[in-house]
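Everything on this sheet refers to the single structure shown next.
Here, each number is a calculation from the coordinates, and none is a lab measurement. Owing to the predicted nature of the structure, the values given are computational and were not obtained by experimental measurement. Every residue, glycine as well, gets a Cβ built from its backbone with ideal geometry; the counts of neighbours run over all protein chains shown.
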Amino acid sequence: MKIYIAGHRGMVGGAILRRLEARKAAGEAITMITRTSSELDLTNQVAVADFMQAEKPDQVILAAAKVGGIMANNTYPAQFIYENLMIECNVIHQAYAADVQRLLQLGSSCIYPKAVPQPMREDALLTGTLEATNEPYAVAKIAGIKLCESYNRQYGVDYRSVMPTNLYGPGDNFHPENSHVLPALIRRFHEAARDGLEDVMIWGSGNPRREFLHVDDMAEASLFVADLPKDIYAANTQEMLSHINVGSGTDISILELAQLVAQVTGFKGTISTDPSKPDGTMKKLMDVGRLADMGWRASIGLETGVEETYQWFLKQDSSDLRSA
């Protein structure tokens, strides 16, 4: 089987690639196809069409996306909606045009309305107003789900979508401005401990609660869903409500998360909050019952995962850490 992994250098795509490489080493007949963004611009329709026609993969895993935290989404809304829409439209349509029958698209929990019963069920999609800070990105990811469902409905292909909660782990983005909350906290508390600071201030009130899933768990869940027999997938979903939540099923407040990160990084000072900064949605917990009913649950605990991620962070680029 030839599997094209779009976004193999990203955190999730890289984790999926590692899993597939392990399967190949164990004897499975798998060929992985990858391209860097410099080799293939997924926002370029002609380039994607030529690539799909030349490679003719049997399966596509669409893990490529433009992603970022609250600050990045607020600063670059046009880029977030444009680039993600273009990537999804080009990859999904050109996969169909190249007769690819199987595709897995990775989305985001931000597809759900801001005010929605918790934990968030799949059928909460399109039932209310989105969170303003990441609405452009969310609209693009919703469009990706509906593209897959529409191509299934009209053309009889098997295109599936999984919606992960907040992900973290090896390969994460630790940029001080454009990263998500957990890697941002890891970097901030690491630097505070390194520099002997007495206080670290976190954005917002610290009260919002978030769910986190280790990227290795997400990779396993993605391949689990991709490998499900078509009849089992269909029996647990609906034609135009076919996406599947992927999460740990538990959440933690941002302040509690900051305290955990402080412990892991060795920061001994105080933690203060800045209520003038946006909190975003106050609670985001995924209902993972649909996936659990099909036989998959997360296995990596948050404390273990954060410790592992911090160790990975320390091993990356010591010169960058010294100059940060």
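Side notes on the structure shown:
- Of the DSSP H helices in the chain, those that are both long (alpha-carbon extent of 24 Å or more along the helix axis) and hydrophobic (Kyte-Doolittle mean at least -1.0) are 77-97, 135-155.
- Counting neighbouring Cβ atoms within 10 Å and putting the fewest first, the residues Phe313, Phe267 line up as Phe313, Phe267.
- For the chain, the residue among Cys148, Gly289, Ile300 whose Cα projects farthest onto the positive side of the dipole built from Cβ charges is Cys148.
- Sorted peptide list for 240-247, 190-197, 162-169, criterion being average Cβ within 10 angstrom, highest first: 162-169, 240-247, 190-197
- Take the Cα of Leu126, step 7 Å toward its Cβ, do the same at Ala29, and the gap between the two points is 4.0 nm.
- Counting beta carbons within 10 Å around each of Arg210, Arg297 and listing the fewest first gives the order Arg297, Arg210.
- Selected from Ile81, Ala97, Gly128, residue furthest toward positive end of dipole (the chain; charges at beta carbon): Ala97
- For region 2-323, size of Cβ-based charge dipole, Lys and Arg +1, Asp and Glu -1, in debye: 160
- Placing unit charges on each Cβ (+1 for Lys and Arg, -1 for Asp and Glu) gives region 2-323 a dipole about its Cα centre, and among Gln59, Ala184, Ala25 the Cα reaching farthest toward its positive end belongs to Gln59.
- Counting Lys and Arg as +1 and Asp and Glu as -1 over every other residue whose Cβ lies under 11 Å from the Cβ of Arg153, the net charge comes to -1.
- Between the amide H of Glu131 and those of Lys114, distances stay under 5 Å, these residues lying 5 or more places away or on another chain, with hydrogens modeled in the peptide plane.
- Percent of beta bridges antiparallel (DSSP, region 2-323, rounded to nearest 5): 10
- Here the gap between Met201 and Asn236, fully extended at 0.36 nm per residue and compared with their Cα-Cα distance, gives a gain of 8.2 nm.
- Here the spin labels are modelled as points 7 Å beyond Cα on the Cα-Cβ line, and at Glu21 and Asp50 they lie 2.8 nm apart.
- With contacts taken as Cα pairs under 8 Å at a separation of at least 6 residues, the chain carries a relative contact order of 19 percent.
- If you take the Cα centroid of region 81-144 and the Cα centroid of region 1-57, the two points sit 21 Å apart.
- The string of couplings for region 112-123 from the Karplus curve (6.51, -1.76, 1.60, θ = phi - 60°) is 8, x, 5, 9, 9, x, 9, x, 6, 8, 4, 7 Hz, one whole number per residue in order, with x for Gly and Pro.
- Each residue of region 32-43 was assigned a 3J(HN,Hα) from its phi angle through the Karplus curve 6.51 cos²θ - 1.76 cosθ + 1.60 (θ = phi - 60°); the sequence is 8, 10, 9, 9, 6, 5, 6, 7, 8, 8, 6, 8 Hz, with glycine and proline shown as x.
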